[in-house]
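What follows is a single structure, written as structure tokens, with notes after it.
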Amino acid sequence: MIHVKAPGKLYIAGEYAVTEPGYKSVLIAVDRFVTAAIEKADSVEGTGTIHSKTLHHEPVVFYRDEDEIIVSDTNSAKQLKYVITAINVFEQYALTHDIDLTHFHLTIDSNLDDANGHKYGLGSSAAVLVSVIKALNEFYEMHLSNLYIYKLAVIANMKLQSLSSCGDIAVSVYTGWLAYSTFDHEWVSQQIEDTSVDEVVMKNWPGLHIEPLQAPENMEVLIGWTGSPASSHHLVSEVKRLKSDPSFYSRFLEQSHACVEKLIHTFKTNNIQGVQQMIRQNREIIQSMDAEATVEIETAHLKTLCSIAEKYGGAAKTSGAGGGDCGITIIHNAIDKQAIYSEWRVNEVKPLEFNIYNGQ
């Protein structure tokens, strides 16, 4: 039995701008995971199973039709669309490398949500895609690089027509701290349409930047959850509407770009105070977006989270699309984080005592 895991993510800076090719963001992987276990099925049966423990009590049977994974139960197929699409994309790639496809039993589990099923906004869809690709990579002994695993997961994501920068996929693959800018989506979409999966993966993707970062010494990230889930798709779609004012939108992009480039530099120069300064500046840039949008990015709960953290010397902001979910705070680890946590709890912000996950 092969076991793999793919971590969840949180954005630290560069949200919204990261939806445009070439504009960088900074993310972290956290130690909450989607896990995948895979083993070979009895070849006589001609079927395999997919078992998502969060969706079904029992495994769902699949078979192949012209090298496509088919789940005959249409309701289950819809629920498992991320898993099935990831398998099909990976196996299209494997076939071009003369890999003999076989049936298997694949089990997916997750602890990215809380015990009651409430979503923290940790990027569960991305982690599902990555865990499936990683499991198949080991199962078929393909020995793919992180970049190829990322690209295969992205291709699956794009086939599902997801409006995503795919930063969550990148950090789920690479883990730790990551500087990331997305690729030219129109170009990659056209490549997917015109060429094979193998050819798309081999090409350089315009705009794509993936750079692992080393955090300054003694720096810590605190995460607070507001208890209300955000709709990233709705929020990003609304902000995209602001493109109709080119002067505002281009100014926002340039401000975000300059801020995140300086943030990355503070990482490379081991400068916690510089990191905090850029986090505060990025919050102001996001707030300028908030003022123009018809949706609330920094909610009252997130404002409270930030105010409490700032009172104790932390630098705080929303994480990701905002509108709920999580906020983050950068502190020097000499600061009493329990004081922040205690006041957060009083104000109905739940501390998520996650660690940054560095590993494969």
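Tabulated values for the structure
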| quantity | calculated |
| --- | --- |
| For the chain, size of Cβ-based charge dipole, Lys and Arg +1, Asp and Glu -1, in debye | 1160 |
| Two-site FRET efficiency, GLN273 against LEU55, from Cβ-Cβ distance with R₀ of 35 Å, rounded to 0.05 | 0.15 |
| Selected from ILE272, ALA293, SER256, residue furthest toward positive end of dipole (the range 218-351; charges at beta carbon) | ILE272 |
| About the Cα centre, charge dipole magnitude for the range 2-212 (Lys/Arg +1, Asp/Glu -1 at Cβ), debye | 740 |
| Within the chain, longest stretch free of exposed trypsin sites (Lys or Arg not before Pro) [DSSP loop, at most 14 other beta carbons within 10 Å] | 204-360 |
| Top positive-direction residue, dipole computed over the chain with Cβ charges, set LEU208, SER247, MET1 | SER247 |
| Positive-end extreme of charge dipole, the chain - chosen from ILE340, ILE108, ILE38 (charges on Cβ) | ILE340 |
| Spatial separation of Cα centroids for the range 298-326 and the range 2-40, in angstrom | 21 |
| Cα gyration tensor shape for the range 2-212, rounded if a/c is under 1.5, else prolate or oblate | oblate |
| ASP31 long-range amide H proximity, modeled H, under 5 Å | ASN355, TYR357 |
| Anisotropy class of the range 315-360 from Cα gyration tensor, a/c 1.5 cut | oblate |
| Potential extension, ILE356-LEU242 segment - 0.36 nm per residue separation minus Cα distance | 37.7 nm |
| Prolate/oblate/rounded label for the range 218-351 (Cα gyration tensor, a/c 1.5) | oblate |
| Helix runs (DSSP H) in the chain reaching 30 Å along axis by Cα, Kyte-Doolittle at least -1.0 | 246-268, 272-292 |
| Mean-position separation - Cα centroids, the range 76-98 and the range 174-230, in angstrom | 21 |
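Each reported figure results from applying straightforward, stated rules to the coordinates on display, with no laboratory input. Values in this document were obtained by computation on a predicted structure and should not be read as measured data. Counting neighbours? That spans all protein chains shown, and the Cβs are built from the backbone with ideal geometry, glycine included.
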